[in-house]
1. Since Asn303 meets every condition but one in (1) among the polar types (S, T, N, Q); (2) at pLDDT 90 or above; (3) over 23 Å from Lys260 (Cβ atoms), which condition does it not meet?
2. Pairs please, first residue from the range 131-142 and more than 8 Å from Ile161 (Cα to Cα), second anywhere and hydrophobic (A, V, I, L, M, F, W, C), Cβ atoms under 6 Å, 6+ apart in sequence or on different chains.
3. Give me the pairs, please: first residue somewhere in the range 247-259 and open to solvent by 10 Å² or more (accessible area, probe 1.4 Å) and of a type in the set (S, T, N, Q), second residue anywhere and near the ligand (Cβ under 9 Å from one of its atoms) and modelled with pLDDT of 95 or more, beta-carbon distance under 7 Å, and either six or more positions apart or on two chains.
4. Search the range 182-204 for residues being in a loop (DSSP other than H, G, I, E, B) and either of a type in the set (Ser, Thr, Tyr) or at positive phi (or both), and hand back the single one that is nearest to the ligand (Cβ to nearest atom).
5. Out of everything in the range 142-159 that is modelled with pLDDT under 95 and surrounded by fewer than 21 Cβ atoms within 10 Å (Cβ to Cβ), what residue ends up being farthest from Ser170 (Cα to Cα)?
6. Select from the range 161-181 the residues that are open to solvent by 40 Å² or more (accessible area, probe 1.4 Å) and within 16 Å of the ligand (Cβ to nearest atom) and write down the one among them that is nearest to the chain's Cα centre (by Cα).
7. Looking at the range 235-246, which of its residues are touching a strand residue (DSSP E or B) at 6+ places or on another chain (Cβ under 8 Å) and surrounded by fewer than 17 Cβ atoms within 10 Å (Cβ to Cβ)?
8. Tell me which residues, restricted to the range 23-55, are within 23 Å of Ala120 (Cβ to Cβ) and either exposed (fewer than 13 other Cβ atoms within 10 Å of the Cβ) or charged (D, E, K, R) (or both).
Amino acid sequence: MFSLPTLAVIMLLALKFHTVQADRCPEFCICDNIQLTVACNKGLTKIPRGFSPDTRMLDLQGNHFHYIPANSFPDTAEVVSLHLQRCKIQEVEDGAFIGMKSLVYLYLSENDLASLSPEAFKGLPHLTYLHLEKNRFTQFPKGAFKLLPGLLALHMENNAITKLEAGLLSGAEKLRGLYLTSNAITAVAPRAFDPAPDLDTLHLGSNKLKEVPSEALSKASSLAELNLSHNPIRWIGAGVFQPVAATLKHLYLNHMGLEKVSKDSLARLGSGLRSLFLEGNQLEELPDLRPLTGLEVINLAENPLICYCPLLPLRKWIEQVNLKVRATCGHPPELRGQRVKDVHVFKSCPGEKPTKPAKTESALINILCYFAGR
Ligand SMILES: *[C@@H]1O[C@H](CO)[C@@H](O)[C@H](O)[C@H]1NC(C)=O
């Protein structure tokens with residue numbers, strides 16, 4: 001047994017040791033012991049050590065680490081958020097982050113990563129948000145997320161990934177958001193998202209897809225938001241959204257050079273769809289939008305809609321819904337740029353009550369309608 005004075009000395013020492021620990025701050029770093037944050041952004045070439053063990057946020061952006069060796073972050077079990085953006089990282093060694101038991105946010109954006117080993121993220125049971133955008137991936141780092149059972153959002157925007165292969169999310173089965181905007185994806189394997197039962201947000205905008213990856217979507221049974229904007233998709237077939245019809249709420253089909261949307265493709269989305277973006281396409285006509293009774297936002301701007309009688313259902317729908325639709329005429333030339341809801345051309349279409357247009361206008365409209373209705 002220790003004598004009382006010895007015990008007191010031990011306690012004092014422990015206390016002193018603790019305060020030293022809490023106050024310690026590595027060279028070239030700025031430590032905030034109240035916010036529990038550490039920032040080291042001085043172009044360091046080695047990952048600093050000796051952070052206070054109660055650090056919550058570690059900001060190491062803008063250094064020149066080039067690679068992250070195994071076990072780079074000892075005594076950081078309380079760190080929730082780790083920032084490693086713009087560190088010229090080309091490689092993450094197996095077990096680089098081991099011991100970061102509390103890590104939820106990991107930012108590896110704007111580095112030079114082209115691949116990731118399946119063991120790279122070992123020992124991160126709580127990692128939820130992983131940022132890998134603006135790196136050099138040409139392939140999806142399949143298997144790298146196997147050890148991340150809690151991953152909810154994966155950011156891979158602005159890489160150079162060319163295709164999505166089968167089973168790329170295996171291991172990350174809880175994933176809710178997959179962000180792949182601005183890659184070079186030309187193909188999505190039918191089983192790419194198998195399994196992804198909870199995937200609700202899928203961003204595939206600004207890629208090179210020529211069609212809606214309908215078969216792959218059939219595995220995403222919870223999909224609520226789909227962004228396909230800025231892909232060279234010319235045509236939307238009748239059943240393409242069928243697999244996600246029950247869950248889809250937000251659909252981005254803008255700026256695709258879209259020429260035709262088949263009659264039933266949108267109608268099948270029914271009352272669940274909340275927003276629909278079709279602006280900046282080449283659509284001359286539109287299918288019946290009446291089944292989309294739950295719409296809160298729609299954008300039809302910048303399409304060369306033909307303002308003749310076949311567009312009458314759209315015109316009637318616009319009059320009836322309380323939405324800003326932004327549809328303008330592209331044809332005939334004299335109506336170009338005018339809003340569909342403002343032009344008079346529909347007044348003498350069959351099925352519309354004529355409200356005494358001038359005689360010559362009415363005759364012209366009849367001729368136009370005749371040709372358009374053929
Ligand atoms: C959809 O994707 C485009 C890129 O093609 C992007 O600019 C836009 O912000 C995305 N929309 C949403 C709501 O994320």
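1. (3)
2. The qualifying pairs are Leu132/Leu108; Leu132/Met156; Asn135/Leu113; Arg136/Ala114; Pro141/Leu116; Lys142/Leu168.
3. Asn254/Ser229; Asn254/Phe277
4. At the first step, the residues of the range 182-204 found to be in a loop (DSSP other than H, G, I, E, B) are 182-186, 189-200, 204.
Retained after the next criterion (residues that are either of a type in the set (Ser, Thr, Tyr) or at positive phi (or both)): 182, 186.
Numbers: Ser182: 7, Thr186: 15 Å.
Going through the qualifying residues, I end up with Ser182.
5. Of the range 142-159, the ones modelled with pLDDT under 95 are 142-150.
Next, only the ones that are surrounded by fewer than 21 Cβ atoms within 10 Å (Cβ to Cβ) stay: 142-143, 146-147, 149-150.
On the way: Lys142: 8, Gly143: 7, Lys146: 6, Leu147: 10, Pro149: 10, Gly150: 13 Å.
Across the range 142-159, the extreme among qualifying residues is Gly150.
6. If we filter the range 161-181 for residues that are open to solvent by 40 Å² or more (accessible area, probe 1.4 Å), which is where we start, we get 162-163, 165-166, 173-174, 176, 179.
Subset that is within 16 Å of the ligand (Cβ to nearest atom): 176, 179.
On the way: Arg176: 10, Tyr179: 4 Å.
Once the filter is applied, the top-ranked residue is Tyr179.
7. Filtering the range 235-246 for residues touching a strand residue (DSSP E or B) at 6+ places or on another chain (Cβ under 8 Å) gives 235-236, 241, 244.
Matches in the range 235-246: Trp235 only.
8. Those that are within 23 Å of Ala120 (Cβ to Cβ) and either exposed (fewer than 13 other Cβ atoms within 10 Å of the Cβ) or charged (D, E, K, R) (or both): Thr45, Lys46, Arg49.
The values are calculated or read from the model by the stated rules, or taken from the named source; none is laboratory data. This structure is a prediction, so every number in the text was calculated from the model and none was measured. When we count neighbours, we look across all protein chains shown, and the Cβ atoms used for this are built from the backbone with ideal geometry, even at glycine. Protein only, heavy atoms only, side chains kept; ligands, DNA and RNA dropped before computing areas. Shrake-Rupley method; radii C 1.70, N 1.55, O 1.52, S 1.80 Å.
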